[in-house]
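Peer 1: Quick one: structure below, then a few questions.
The values are calculated or read from the model by the stated rules, or taken from the named source; none is laboratory data. Computed from a prediction, not measured in an experiment: that's the story for all the values here. Counting neighbours? That spans all protein chains shown, and the Cβs are built from the backbone with ideal geometry, glycine included.
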Amino acid sequence: MLSVVVLTNRRTVGKFFEILGPATTDDLDICRLPLSVRTAEDFNRQLLQVAVAIIDAAPNPELAIDVCQCLHTHRPTLPIVVVVWCPRAISSSQLRGLDATGVYSFIDLDLGRSQIRQVLREVTRGARVVRAESNHEDTALAEEGRPGPISGEPGLPTDIAQSDLDLLRLLANGSSDREMADRLYLSRHTVKHHIERLRDRAGARNRTHLAAWAGHQGLYSKDQR
């Protein structure tokens, strides 16, 4: 049994990993906690029983750096995996700050469950998986194998429809297809179709890249999760 703690303040990310546990024939024990330095400090007594810590860095990279530093200080050998499935791009300096805390791997939730499980197993064996790629899409890991911000991105089209703005805003804030379908009164198939259309229009490599692009256009809100 691999014991994993997930520190995140995003409901969508938390749900992803909660589903990841039961889907793995009970080989993962997932514990979800809020992302904060106090949580990391209070959790220290249990750290010896945890095999991997997963940190959701995208909404607040500076807080994630502080949490990683806290965990690393109290248990230097604890493998830390950082989630970069982001509503906005993380800067290169922030990535370097995270890397300096001893992060073992950066992952994107575009990866399949089996690939994420493999990354978790590898880091518990001491491997540093700095480049984790999806089988179906390029996850845009750049700059020495680490995820990088979008460069040369276009702005929002002046003729963009309000319905597209609503969808991009939900996407930038980490909503799932089902959540977007419910909020916009659409089918999940229609949501996927619109995402692909907007991805092509924005020149985004994949869904995550589109979410990051939307975040750069001011469509990410810390209050909308």
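Peer 1: Quick test for you: out of 197, 188, 169, pick the one residue that is among the charged types (D, E, K, R), surrounded by 18 or more Cβ atoms within 10 Å (Cβ to Cβ) and at negative phi. Show your work before the answer.
Peer 2: Working: 197 fails: surrounded by 18 or more Cβ atoms within 10 Å (Cβ to Cβ); 188 fails: surrounded by 18 or more Cβ atoms within 10 Å (Cβ to Cβ).
Only one candidate qualifies: 169.
Peer 1: Something else now. From the list 114, 36, pick out the single residue that is modelled with pLDDT of 85 or more and at negative phi.
Peer 2: The match here is 36.
Peer 1: Then there's this: Under 6 Å between Cβ atoms, at least 6 apart or on separate chains: pull out the pairs that start in segment 114-125 with a residue that is in the same structural domain as residue 83 (by TED's automatic domain parsing) and end on any residue that is in a loop (DSSP other than H, G, I, E, B) and surrounded by fewer than 19 Cβ atoms within 10 Å (Cβ to Cβ).
Peer 2: Taking only residues 6 or more apart or on different chains, the pairs are 124/51.
Peer 1: Within the group 66, 56, 42, 27, which residue is buried (at least 19 other Cβ atoms within 10 Å of the Cβ) and either modelled with pLDDT of 90 or more or of a type outside the set (A, V, I, L, M) (or both)? Even if it seems obvious, please write down each step before you answer.
Peer 2: On the way: 66 fails: buried (at least 19 other Cβ atoms within 10 Å of the Cβ); 42 fails: buried (at least 19 other Cβ atoms within 10 Å of the Cβ); 27 fails: buried (at least 19 other Cβ atoms within 10 Å of the Cβ).
Just one listed residue meets the conditions, 56.
Peer 1: Next question, about the same structure. If a residue must be in contact with a strand residue (DSSP E or B) (Cβ under 6 Å, 6 or more places away or on another chain), modelled with pLDDT under 85 and outside any loop (DSSP other than H, G, I, E, B), how many such residues does segment 79-97 contain? Full working, then the answer.
Peer 2: Taking segment 79-97 first, the residues in contact with a strand residue (DSSP E or B) (Cβ under 6 Å, 6 or more places away or on another chain) are 79-84, 95.
Retained after the next criterion (residues that are modelled with pLDDT under 85): 84, 95.
When the remaining residues are screened for being outside any loop (DSSP other than H, G, I, E, B), the result is 95.
Selection size over segment 79-97: 1.
Peer 1: In this structure, does residue 76 turn out to be assigned by TED's automatic domain parsing to the domain that holds residue 125 and either more than 16 Å from the chain's Cα centre (by Cα) or at pLDDT 90 or above (or both)?
Peer 2: Details: assigned by TED's automatic domain parsing to the domain that holds residue 125: yes; either more than 16 Å from the chain's Cα centre (by Cα) or at pLDDT 90 or above (or both): yes.
Answer is yes for this residue.
Peer 1: Residue 183 is checked against (1) touching a residue at least 60 places away in the same chain (Cβ under 8 Å); (2) closer than 24 Å to residue 14 by Cβ; (3) over 21 Å from the mean Cα position of the chain (by Cα) and fails just one. What number does that condition carry?
Peer 2: Condition (1) is where residue 183 drops out.
Peer 1: Here is a follow-up. Regarding segment 124-138, can at least one residue be identified that is hydrophobic (A, V, I, L, M, F, W, C), buried (at least 19 other Cβ atoms within 10 Å of the Cβ) and at pLDDT 80 or above?
Peer 2: The answer is no; no qualifying residue exists.
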